[in-house]
Amino acid sequence: MAETFEAYRTRVLSYLGDEEPTGVQQATPSQLESRLRDVAPEELIRRPAPEKWSIAEIVAHLADAEAGDGVAIAKHAGESGRGLDVVGSGRMGRAFGLRAARGEPFGRGLSSAAREQPATFGGGPARTVVECYGVHEVRGRQTVEEFVRLEAAHDLNHLRQIDQILNSRRG
């Protein structure tokens with residue numbers, strides 16, 4: 001049975017706890033790089049199970065999310081109350097996936113301006129963070145603050161997923 005969005009939200013936000021969301025997002029590139037520094041390229045593209053993503057696919061997904069974060073936050077803040085399109089940059093994600101398969105470092109690519117945007121808006125005026133919102137087709141009404149918290153938790157979720165893959169191969 002597929003996990004509901006509410007169950008997903010509860011689960012991933014538990015990973016975030018009291019951590020500062022923008023700090024988590026800013027640390028994700030270095031967290032990826034330290035985890036994957038010595039992982040062989042063939043290990044990056046090996047799926048743990050047919051229906052599960054490889055590490056390279058997870059990194060590609062994080063790149064897609066990164067590409068959309070800045071746009072989503074700008075829409076939340078600049079067009080409060082409007083619907084948010086679920087947009088992914090598949091091209092960007094595929095490029096990071098290819099880099100992962102070749103064993104290239106991750107941190108430089110994922111530390112783009114898009115990673116810095118949540119920090120910019122997250123530290124912005126209280127009205128922007130708390131009152132401005134978008135309406136997501138799955139998540140419903142979501143303020144800038146809620147969006148940034150959930151995206152940070154999303155990063156932690158995928159870092160844990162990578163840890164599980166690496167630990168299962170080592171153990």
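Just one residue in the set GLU33, GLU6, GLU51 is assigned to a helix (DSSP H, G or I), within 16 Å of HIS158 (Cα to Cα) and either in contact with a helix residue (DSSP H, G or I) (Cβ under 7 Å, 6 or more places away or on another chain) or modelled with pLDDT of 90 or more (or both); that residue is GLU33. Each residue in region 36-45 was checked for being touching a residue at least 12 places away in the same chain (Cβ under 8 Å) and either within 10 Å of ILE165 (Cβ to Cβ) or assigned to a helix (DSSP H, G or I) (or both), and 6 pass. All conditions in (1) buried (at least 16 other Cβ atoms within 10 Å of the Cβ); (2) touching a residue at least 40 places away in the same chain (Cβ under 8 Å); (3) over 13 Å from the mean Cα position of the chain (by Cα) hold for TYR8, with the sole exception of (2). When residues in region 24-35 are screened for being within 13 Å of the chain's Cα centre (by Cα) and touching a residue at least 40 places away in the same chain (Cβ under 8 Å), 7 of them pass.
Could you grab me the full set of residues in region 122-171 that are small (Gly, Ala, Ser) and either modelled with pLDDT under 80 or not in a helix (DSSP H, G or I) (or both)? Reasoning before the result, please.
Filtering region 122-171 for residues small (Gly, Ala, Ser) gives 122-124, 126, 134, 140, 152-153, 168, 171.
Scanning region 122-171 gives GLY122, GLY123, GLY124, ALA126, GLY134, GLY140, GLY171.
Among the residues of region 145-156, which ones are under 10 Å from LEU62 (Cβ atoms) and not acidic (Asp, Glu)? HIS154, the sole residue that qualifies.
What do you reckon, is ARG11 in a helix (DSSP H, G or I) and of a type in the set (D, E, K, R)? When the stated conditions are applied, ARG11 passes them.
The values are calculated or read from the model by the stated rules, or taken from the named source; none is laboratory data. The model shown is predicted, which means the values in this text are computed figures rather than measured ones. All Cβ positions, even for glycine, are placed from backbone atoms using ideal geometry, and neighbour counts span all protein chains on display.
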